[in-house]
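The values are calculated or read from the model by the stated rules, or taken from the named source; none is laboratory data. As the structure is a computational prediction, the values presented were derived from the model and not from experiment. Cβ: placed from backbone, ideal geometry, glycine included. Neighbour counts: every protein chain shown.
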Amino acid sequence: MRIRDLIFGLLAVILLVGYIAVGQRVAPLLLPSAASTPQPARSTGKVPAPTITGSIAFVLRGDVFVVTNGHYASRTDEGRSQTPALSPDGQTLFFSRVESIDGKSSVDGQIVPARLGFSNVIRKPSGGGPEEVLLTGLTRAASGFHSVHWYLSPAPSPDGKRLAVIEADTDGSSDLLLYDLTTKKVAILSNGADWTDPAWSPDGKTIVVTAYDSGAPELLLKPADGGLRASPIAGLPEGEPYRPTFSADGKWIIYTLRHDGKNDLHAFELATKRDIPLTRDGQSWNPSISPDGSQLSYLRSQALTIDLWVMDLGSALTAGVLPRPGTKITNGEGIDGANRPSWSR
């Protein structure tokens, strides 16, 4: 499903119930929210979790949670947040939040009241604290009309100075922007594209995205300086690749491959075109690499319930050995499957 489909669907639901949490782009795996057994109540305080190195941000029932030091706890509480990303030093949390207002719209030449949806990019301390709106999806003209945009999937650069952001509009485009955190200036890296899921290379020179320009998803490499055209990653296995990220050394692309209705994690070596499956359960997607490159966080479904998992990569990228089964980090509260986790120090 495309971002524009999500936007139109969100607007319709806003009219009915006044609220919905929108994913950056609904993951090719959409699982029913109901589980075979009742889900636990939504977490309200610190929840025990297996100890990991660093911190992982994820989305649970429309709110951003961070797991660190053997616990996870919420960093938002309004139920409209999505696409979290931690800064390289782990001190700052970026995410997108859905908003709506009563405004005006033109329908068949008539000006009518309308409920307008948009999203902002937010920054706040990863341990909790005051929020700052970096990019707002709402601008108002003197005429009283509003222009709305959807700013999604903020991804901080390795040096922490820039954000890669997707700007989605109701015309169906979803372009890649660079937001300078110091100057507040915006650079446009695509025009009329249909891109999503940006992730930086470790050297900060390249951004990998999922592109739907031709209909079916493909993975593109885009120079961060904007000087060259994006190049597709050729040689991937048959299926639909999405949600890519770089390995810690920049030599591999870790991504999800949907094939025959199943989702698994794969690693693709850019230099050799070698592809290695990392899972074979058909129920794993949305990978995020640990800062030292030794582990992978991801989402996995069991009994129709989505949880956050972590696996040790071991010798998977050196000897092609399938990693051992991962460890479940969360407790079946209902992880949002359309949002991939973010791992930082």
Collect the residues in segment 166-178 that are under 14 Å from Ala224 (Cβ atoms) and surrounded by fewer than 22 Cβ atoms within 10 Å (Cβ to Cβ), keeping them in residue-number order. Leu177, Leu178
Sort through Ser100, Ser105, Ser36, Ser43 and tell me the only one that's surrounded by 14 or more Cβ atoms within 10 Å (Cβ to Cβ), outside any strand (DSSP E or B) and either at pLDDT 95 or above or of a type outside the set (Asp, Glu) (or both). Ser43
Residue among Arg345, Arg280, Arg324, Arg274 that is among the basic types (Lys, Arg) and under 22 Å from the mean Cα position of the chain (by Cα): Arg345
Within segment 221-250, tally of residues that are surrounded by 17 or more Cβ atoms within 10 Å (Cβ to Cβ), more than 22 Å from Val165 (Cβ to Cβ) and without any contact (Cβ under 8 Å) to a residue 24 or more places away in the chain: 1
Taking segment 162-197 and keeping only residues that are of a type in the set (Val, Ile, Thr) and either touching a Leu at 6+ places or on another chain (Cβ under 7 Å) or assigned to a strand (DSSP E or B) (or both), one is left with Val165, Ile166, Val186, Ile188, Thr196
Filter segment 71-97 down to the residues that are more than 14 Å from the chain's Cα centre (by Cα) and crowded, with 24+ Cβ neighbours inside 10 Å and list them by number. Tyr72
So which residues in segment 145-161 are without any contact (Cβ under 8 Å) to a residue 60 or more places away in the chain, in a strand (DSSP E or B) and under 21 Å from Pro84 (Cβ atoms), if there are any at all? Tyr151
Selection from segment 243-265 of residues over 22 Å from Asp203 (Cα atoms) and part of a strand (DSSP E or B) yields Thr256, Leu257, Arg258, His259, Lys262, Asn263, Asp264, Leu265
Criterion: closer than 20 Å to Asp197 by Cβ and among the small types (Gly, Ala, Ser) - qualifying residue of Ser284, Ser294, Ser315: Ser284
Answer yes or no as to whether Ala234 is over 13 Å from Leu296 (Cα atoms) and aliphatic (A, V, I, L, M). yes
Kindly evaluate Val121 against the criterion of being under 18 Å from the mean Cα position of the chain (by Cα) and either outside any strand (DSSP E or B) or closer than 23 Å to Gly90 by Cβ (or both). yes
